[in-house]
Structure formats: C-alpha cells, structure tokens
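The values are calculated or read from the model by the stated rules, or taken from the named source; none is laboratory data. Keep in mind it's a predicted model, so treat the numbers as computed, not measured. So basically every Cβ, Gly included, is an ideal-geometry build from the backbone, and we count neighbours across all protein chains shown.
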Amino acid sequence: MKKIYNITIIYSLLFALIFSATSCGGSEANKIKEGVITYDISYPYFKDEMMLSFMPKEMKMEFKDNIYRNTVGNSMFETSLISNCTDSTLIMMLHIGRKFYYSELDVALTDTMVRKNGIPDIVALNTTDSVAGYLCKKYMGVFDKLNDGYDCEVYETDEIGLTNSNWCNPYRELDGVLLGYEVDQFGIQMRFLASEVKDTLVSDSVFVVPSNYKRVSLERILYEVEELSKSI
C-alpha cells in the first residue's frame, strides 16, 4: 500500500505542474510582466501523516516574456514544467539522483490529460478578496467527477501579465492569473495558495533545459517515477 501511495503522490505532483493555472486578462497597464510567485501547497483530504511529511509544501512559479516555469521538489527529486504561452509548447523536467530527464508534450497530449483529469464548472461569486496582496475575483470550481459534490475556492487576479497560459490547465474559462485554486490528481486533492508575489528580474536561463538533461518520452519519465517509488 505504501508503494502505491508513493507512485500516486509523485504522479500527482508531476501532473499538478501541468494543471497549475496561470493566464491574464484586462488592461496591460501596471501589470507585473516578470517575477516570481510562491504558492503554499496543502492536501486538505489526505490523512496519511507519514506520507504528508514526504510531500512538497511549496511551488515556485517564475515568469517572463509570456513563459513560465513551475517547480516543486524535495530532497529526493525535483520536477519542473516550462510553458511557452505564445507558441503553446510544454516541457516537463524530472531530476532523480543522477538522472536528469525532460520530455516535450504537444498540444494534443496536453489536452487529453487535462480532459482526463476533469475540467471544473466555474461559478462567479461576484465578490473580491486579497491574496498575497493582490485583489482577486472569487469563484467556485465544481468538479463533476467528485461524488460528494465537493467544490473549491478559486482566486483570480488581472494584475499579472501572462497571456494564453490557460491552454494547458483545467481553468480555461478564466482569463486572470490564479493565486488560489485546487486540482484533483489521481485521487489526491491539492490546494495551491499564493503566499508571495515578487516583481523581480528573472534570468532567461530559467526557461532553458540544461545541457545535462536527456530528452526522453513521457512514458520514460513515468517509469522513472515508478522505480523511485520502489526505493522509498
């Protein structure tokens, strides 16, 4: 049972990077075009205390020139996703020990995974709130596949400048950057809430796959994740 949990958790973190929602809308004036957003990650319905101690508690999103990179990890592994929102290209990176792999996902594969894991109905609440110091519109996201009728709170701001990044996440209805949201991956509900937004310079190298990473298929990355779980 423990090994099954380990596989599920790491798979969830990999695909949560893909489904982490960011985009933009509204006037371009005064928007942050370059910076770093830090999200706290929590698992509101996961009860295994031992496994919770293993799961990452933070995600960092770096963005510039309409490209963003999401990164999560711990002492055993690190996963990153680079999304070019202008040409709709997606790169998934995995670092485990001495293994450095990356895979490129096309639009069709990304769309298949988004639909497989569920696209929520978005309900506008006609109210606002502040998250990490930014004014946000508040919504409810309702996932039909959850039998208990569970819905989640979603917070959207139009003060951060990224365009068309919703092409690779389940919150395609919304135009703004999400500072609070949830995703359901492989039966694990993951909650993301921005704790800090920095208007700061970001190096171009952040969005380049390092030369020591080897290009492989997505299937190979998932295989490496499964092998990692066997050693935990």
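Some observations on this one:
- Selected residue (criterion: surrounded by the fewest Cβ atoms within 10 Å (Cβ to Cβ)) from residues of the stretch 73-95 that are touching a Leu at 6+ places or on another chain (Cβ under 9 Å) and over 18 Å from Thr110 (Cβ atoms): Met76
- Which listed residue, of Thr38, Thr89, is over 22 Å from Met113 (Cα atoms), of a type in the set (Val, Ile, Thr) and at pLDDT 60 or above: Thr38
- Qualifying position, being under 23 Å from Trp167 (Cα atoms), of a type in the set (Phe, Trp, Tyr) and more than 13 Å from the chain's Cα centre (by Cα), among Tyr68, Tyr102: Tyr102
- Taking every residue in the stretch 99-125 that is among the polar types (S, T, N, Q) and pairing it with any residue that is part of a loop (DSSP other than H, G, I, E, B), at least 6 positions away or on another chain, the pairs with Cβ-Cβ distances below 9 Å are Ser103/Val216; Ser103/Ser217; Thr110/Ser88; Asn117/Lys145; Asn117/Pro170; Asn117/Phe186.
- Taken over the stretch 202-220, the criterion of being in contact with a Phe, Trp or Tyr (Cβ under 8 Å, 6 or more places away or on another chain), surrounded by 12 or more Cβ atoms within 10 Å (Cβ to Cβ) and under 18 Å from Tyr68 (Cβ atoms) is satisfied by Val202, Val209.
- For Gly187: the one exception among (1) surrounded by 12 or more Cβ atoms within 10 Å (Cβ to Cβ); (2) modelled with pLDDT under 85: (1)
- Check on Ser231, at pLDDT below 85, more than 26 Å from Arg115 (Cβ to Cβ) and either in contact with a Leu (Cβ under 6 Å, 6 or more places away or on another chain) or not basic (Lys, Arg) (or both): yes
Residue-wise test of (1) modelled with pLDDT of 95 or more; (2) under 30 Å from Asn212 (Cβ atoms); (3) assigned to a loop (DSSP other than H, G, I, E, B).
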position: Ser75; (1), (2), (3): no, yes, yes
position: Ala108; (1), (2), (3): no, yes, no
position: Lys116; (1), (2), (3): no, no, no
position: Val154; (1), (2), (3): no, no, no
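- Whenever a residue of the stretch 66-94 is of a type in the set (D, E, K, R), its partners that are surrounded by fewer than 18 Cβ atoms within 10 Å (Cβ to Cβ), lying with C-beta atoms within less than 7 angstrom and at least six residues away or across chains, give the pairs Arg69/Val206.
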